[in-house]
Amino acid sequence: MNMGKELSLYIHIPFCERKCLYCDFLSFNAEKELMGSYFKTLSKEIQLSGKVYKDYIVRSVFFGGGTPSFPDHGKICDTLDQIKESFTMDDDCEISIEANPASAIYDKLQAYRNAGFNRLSIGAQSLNDEELKRLGRIHDSRQFFETYENARKAGFDNINIDVMSALPGQSLESYMDTVRKVIELRPEHISAYSLIIEEGTPFYDMDLELPDEEEDRLMYHETKKYLAQNGYHRYEISNYALGGQSDDTYECFHNKAYWIRSNYLGLGLGAASMIEDVRWSNIKDIKDYIAFMADDSSFDKIRENVENLSIEGRMEEFMFLGLRLVRGVDLNEFETLFKRTAEEVYAEVIYKYVEMGLLHRYVEKKSGHEYLCLTEKGLDVSNTVMADFLIE
């Protein structure tokens, strides 16, 4: 493995054939000419960024969207080639791409694998066709199974499958039927999310028949139990990897980089970044993004919401992001970074939730470091606990 400051890259591909009814991500359909201009602009941003961050070693690359499998695969593979030419890549770099079963045909998957993608994330969401229709998904369960089979044929040996619970018209039985069918395929990773109705989405203005809170909780607990029984360990609130708790082989390095506050650089429309405690995002208007990058050889016009995080802000993030991980936060690292113990800053919060049985302190044998983590009970109410670590 190469040594140096670590960096994770996120590449935003904002194009979709059709936007799902629940989706609040920055995505849309676009004419072929506009898509071509976007990829040219993205290439320029990649080249300029490679020069600025030449001292960093890229540990992970993640193509997200939108639907990265929707555009021509040549554009995607060329973009990855540009990244490899512009940045210093770690020898074991994790390179992921999201795929929709409706567009991830075999030829595309084969091209991705040949280009160097070594991790595939398939957005199944459900394997019940009626539920998929209600979500506005453009694929059906048959296409999902074909995509998975083709991904294996193309040589992908690290596959994630996304599933969603608490969907309109969904029952515990229909949800668990999806989970069981996914597990039978033995993907290396499973992401299990509960649907959140976001303002600004079509779902927000619709009268939906959603599972009640009790059934939602049942889905959550059954997911944990059933995945554990079948060899998947939970390492983050919504993410499970094949293997034991001490085996991180199939845990998503890129996602963990966010939770432990590693440096990450977002490239493309609306992409977010955080490097050396400076946070910003790219503008969200595609025509402005293309025009500003064409007229300028810097990032001044495409970056917005630039914030130098205060020490209080950094401590907040260290705690409430780190607690998403099942292992919790490293209290020794907290003291090293901030020259104060976590107890000095959060004594009241830590004591309260330890007494309530929602937080637990333990010493990791391998490192000798002390950790603070959410208990199983605490994971059930994680948002409430984590919010208390925000310094007012």
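The values are calculated or read from the model by the stated rules, or taken from the named source; none is laboratory data. Computed from a prediction, not measured in an experiment: that's the story for all the values here. All Cβ positions, even for glycine, are placed from backbone atoms using ideal geometry, and neighbour counts span all protein chains on display. Only protein heavy atoms, including side chains, enter the accessible area calculation; ligands, DNA and RNA are left aside. Shrake-Rupley method; radii C 1.70, N 1.55, O 1.52, S 1.80 Å.
Here the relative contact order of the range 18-107, from alpha carbon pairs under 8 Å that lie six or more residues apart, stands at 36 percent.
Calculate, in nm to one decimal, what residue 335 and residue 391 gain on full extension: separation in residues at 0.36 nm each, minus their alpha carbon distance. Walk me through the numbers before you get to the answer.
Values: separation 56, 0.36 × 56 = 20.16 nm, distance 1.71 nm.
Roughly 18.5 nm would be gained on extension.
Which order do you get for 163, 345 if you rank them by accessible area with a 1.4 Å probe, largest at the top? Mind dumping the intermediate values first?
Details: 163 5, 345 40 Å².
I get 345, 163, largest accessible area first.
Absence of a disulfide-compatible partner, taken as no other cysteine beta carbon within less than 4.7 angstrom, is noted in the chain for 16, 77, 93, 252, 373. Over every Cα atom in the range 254-392, the radius of gyration and the widest Cα-Cα span, Dmax, amount to 18.2, 58 Å. Kindly list the residues of the range 135-165 that lie in the label zone of residue 107, defined by a backbone N under 17 Å from the point 7 Å along the Cα-to-C-beta vector. Residues 147, 150-151, 154 fall inside that zone.
Once all protein chains are placed together, residue 31 keeps about 140 Å² accessible to a 1.4 angstrom probe.
How many Å² of accessible area per residue for the chain, probe 1.4 Å?
Values: 18240 Å² over 392 residues.
For the chain, the per-residue accessible area is 47 Å².
From the list (i) -0.93, -1.05, -1.22; (ii) -0.77, -1.06, -1.38; (iii) -0.87, -1.24, -1.60, can you say which value of log10 I(q)/I(0) by the Debye sum over Cα atoms at q = 0.11, 0.13, 0.15 Å⁻¹ was derived from the structure given? For log10 I(q)/I(0) by the Debye sum over Cα atoms at q = 0.11, 0.13, 0.15 Å⁻¹, the calculated option is (iii).
With a simple spin-label model that places each label point 7 Å from the Cα along the Cα-to-Cβ direction, the separation between residue 380 and residue 306 comes to 4.7 nm.
By a 1.4 Å probe calculation restricted to protein chains, residue 318 has an accessible surface near 20 Å², given to the nearest 10.
Between residue 287 and residue 361, full extension at 0.36 nm per residue minus the direct alpha carbon distance yields a gain of 21.6 nm. Residues whose amide H falls under 5 Å from that of residue 28, counting only those 5 or more places apart or on a different chain, are 15, 16, with hydrogens built in the peptide plane. What a 1.4 Å probe finds exposed on the range 6-258 is 46% carbon and sulfur by accessible area, rounded to a whole percent.
Ranked highest first by the average count of other Cβ atoms within 10 Å around their residues, in what order do 147-156, 123-132, 297-306 fall? Write down the numbers at each step before the final one.
Working: 147-156: 18.3, 123-132: 21.3, 297-306: 12.5.
So the peptides 147-156, 123-132, 297-306, ranked by packing, come out 123-132, 147-156, 297-306.
Of all the options 208, 21, 309, the one that moves most in a Gaussian network model of the chain with Cα springs shorter than 10 angstrom is 208. Surface composition of the range 323-387: carbon and sulfur make up 52 percent of the accessible area, probe 1.4 Å.
In deg cm²/dmol and to the nearest 500, what is the mean residue ellipticity at 222 nm of the chain if only DSSP H runs of at least 4 residues count, each as -39500 (n - 2.57), divided by the residue total?
Details: 14 runs with 158 residues, N = 392.
Dividing the helical sum by the residues of the chain leaves -12500 deg cm²/dmol.
Across q = 0.12 Å⁻¹, the range 208-334 modelled as identical point scatterers on its alpha-carbon atoms has Debye log10 I(q)/I(0) values of -0.69, in the order of the q list. Where the centre of each part is set by its Cα atoms, how far does the range 158-230 sit from the range 13-88, in angstrom? Cα centroid to Cα centroid, the span is 28 Å. Sorting 259, 280 by accessible area puts them as 259, 280; the probe is 1.4 Å, largest comes first, and only protein heavy atoms count. Across the alpha-carbon set of the range 323-387, the Rg to Rh ratio works out to 0.95, Rh being the Kirkwood radius.
In this rough spin-label picture, where each label sits 7 Å from Cα along the Cβ direction, the residue 217-residue 245 distance is 2.4 nm.
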